[in-house]
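These notes are about the structure you will find just below.
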Amino acid sequence: MTAIDTLFQNARLADGRIVDIAVGGGKIVAIAPGPQSYGSVGKIDDLGRRLVLPGMVEGHIHLDKCFIGDDWKPHRPCTAGFSVRERVKFEKEYLATAKPMAERAAALIDLCVSHGTSWMRSHVDVDAQVGLRHFEQIAAAREVHRDKVSVQIVAFPQSGILTSPGTADLLEQAVRGGAELVGGLDPAGHDGDAAGHLDIVFGIAERHGVGIDIHLHDGGLQGISEIEEIARRTKAMGLGGKVTISHAYALGEVSRDMVERTAHRLAEAGVAILTNAPGARLFPPVLLLREAGVNVFSGNDNIRDSWWPYGDGDLLERAMLVGYRSGFNTDEQLAAAFDMVSANAARALGVTDYGLTVGAEADFVVLDARHVQEAVVARPKPRDVYKHGRLVAHGGAILAAAA
Ligand SMILES: [Zn+2]
C-alpha cells in the first residue's frame with residue numbers, strides 16, 4: 001500500500017458519514033470509517049467532524065482584470081446602455097494606471113484559494129493592443145502559485161477577432177505558448193460575422209487540439225442561432241466535452257420550447273454552459289438544461305474590476321447566488337448548485353482526478369457545516385484549504401509556506 005503522509009481523521013462527508021481520509025503522494029489513497037490500520041502514517045490531522053468538500057473549481061474568472069490588491073476604482077457606467085466596446089475602452093484606461101498584473105493576480109488567487117478554490121479557468125485578454133503581454137504574465141503567475149491552485153488559460157479575444165486585426169494570429173501564438181483553450185466573443189453581435197469568427201476559433205482548436213470557451217452575450221434568436229451553430233460545429237468536429245459557451249444569455253430569453261430544442265442539441269454535441277447568474281440579467285434555466293443532459297457549471301467571472309464592483313472569489317457564495325436566482329429550495333436543488341462549482345466545473349475543465357474519491361488529488365476544503373446544503377446557504381467561514389494534501393490556507397489567510 002502507498003505510504004500515508006497524512007491521515008485525516010473524523011472527516012464529515014457531504015452525506016453526513018464520518019470517515020478517515022488517508023493521503024499519500026498528494027492523492028487520496030483510502031476513505032474509510034475509522035479506526036483502521038494503515039501501517040506507517042507520517043502524521044495525523046484530526047478534522048473534528050467538520051465538513052470536508054472537494055476543492056472547488058472556478059469555471060470562469062479573469063485574473064488579468066481585477067483591482068484586488070489595488071486602489072478602489074469606481075465603476076463607470078456605459079453612456080448609452082451596455083456596450084462591450086465601451087466597457088473595453090474604460091477597462092484599458094483603468095488598467096493603464098493599475099498596479100502590476102503579477103501583484104493583482106496574486107491577490108485574487110490568494111483570496112480565491114482562501115475560500116477553498118483548487119482549480120481555475122482564467123480567460124486572459126489577447127488583442128492587437130496588449131498582444132501576448134497579459135497571457136505571458138498570467139502564465140507566469142500560474143507557475144508561481146501552482147502549489148496552491150491549478151490554473152488553465154483561455155486566450156480570450158476581448159476586443160473581437162475580425163474587428164481587431166492581428167488577433168487571430170495572436171490567439172494561435174497564445175495556444176502554441178501554452179493556453180489550453182481558445183476563446184471567442186459574440187461572433188455575430190461583436191464581430192458581425194458569426195461564420196468567419198467561428199471558422200477562426202474552431203480552426204485553431206482543430207489545429208492544436210485545444211478546447212474552446214466562447215463568451216456569448218448575444219441575446220434572443222440571434223444568440224440561439226449562434227448556440228446551435230456552435231453545437232453543430234462541435235458535433236461535426238468531434239469536440240464534445242471540450243467546448244463551453246459562457247453566459248449564453250439567449251437561453252434565458254426565449255420560449256421554453258426553443259430552450260428545450262437547443263438544450264437537446266447542446267447535450268448531443270457535448271457543449272457545456274457556464275452561468276454566473278449575474279445581476280439583473282436573464283440567464284439560462286439551469287435545471288431545464290441539467291435535466292436535458294447539458295453540463296451546466298459556474299464561476300465568478302469578473303471580480304472587482306472595471307466590469308463590475310462585486311465579488312470576493314467565494315465559490316460557495318456563487319453557488320448560493322445561482323441557486324437564489326434560480327429559485328432553488330430543495331435539498332436536491334441546493335446540491336445541484338454546489339455541483340456547478342465542483343464536479344460539473346471539473347468535468348468542463350477536463351479534470352479527471354477530481355473529487356473525494358480514492359485516486360483523486362487530495363484537494364479539499366474543511367468548514368463548519370453539517371452537509372453540503374448548509375454549506376451553500378450559510379457559506380460558513382473560516383475554512384481550512386488543502387491542495388495536494390497540504391494545508392495552504394487557514395482562517396481566511398494563505399499560509400506563509402504556501403505563499
Ligand atoms: Zn468573462
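The values are calculated or read from the model by the stated rules, or taken from the named source; none is laboratory data. As the structure is a prediction and not an experimental result, all values here were calculated from the model. Cβ: placed from backbone, ideal geometry, glycine included. Neighbour counts: every protein chain shown. Surface accessibility is based on the protein's heavy atoms, side chains included, excluding ligands, DNA and RNA. Shrake-Rupley method; radii C 1.70, N 1.55, O 1.52, S 1.80 Å.
Checked against the criterion of being among the aliphatic types (A, V, I, L, M) and in a loop (DSSP other than H, G, I, E, B), the candidates LEU7, LEU63, LEU53 yield just one match: LEU63. Within the option set ARG281, ARG318, being in a helix (DSSP H, G or I), under 27 Å from PRO77 (Cα atoms) and within 16 Å of the ligand (Cβ to nearest atom) holds for one residue only, ARG318.
Selection within region 270-293: residues that are over 15 Å from the mean Cα position of the chain (by Cα) and open to solvent by less than 10 Å² (accessible area, probe 1.4 Å). The member of this set that is farthest from ALA346 (Cα to Cα) is PRO284. The set of residues in region 284-315 being within 14 Å of the ligand (Cβ to nearest atom), among the hydrophobic types (A, V, I, L, M, F, W, C) and outside any loop (DSSP other than H, G, I, E, B) consists of PHE297 alone. Scanning region 4-41 for residues that are open to solvent by 60 Å² or more (accessible area, probe 1.4 Å) and over 11 Å from ALA362 (Cβ atoms) yields ASP15, ARG17, PRO33, PRO35, GLN36, SER37, GLY39, SER40. For residues that are closer than 13 Å to ARG281 by Cβ and aromatic (Phe, Trp, Tyr), scanning just region 301-328, find the one that is most open to solvent (accessible area, probe 1.4 Å). My answer is TRP308.
Based on this model, can you work out whether ILE224 counts as open to solvent by 30 Å² or more (accessible area, probe 1.4 Å) and away from the ligand (no atom under 16 Å from the Cβ)? No; evaluated as a whole, the condition is false for this residue. Is one or more of the residues making up region 36-58 acidic (Asp, Glu), within 16 Å of the ligand (Cβ to nearest atom) and touching a Gly at 6+ places or on another chain (Cβ under 6 Å)? Among the residues of region 36-58, at least one is acidic (Asp, Glu), within 16 Å of the ligand (Cβ to nearest atom) and touching a Gly at 6+ places or on another chain (Cβ under 6 Å), which makes the answer yes.
For region 145-168, what are the residues that are small (Gly, Ala, Ser) and open to solvent by 20 Å² or more (accessible area, probe 1.4 Å)? Matches in region 145-168: SER150, SER159, GLY166, ALA168.
Restricting attention to region 181-218 and to residues that are of a type in the set (Asp, Glu) and away from the ligand (no atom under 16 Å from the Cβ), the residue that is farthest from ARG121 (Cα to Cα) turns out to be ASP193.
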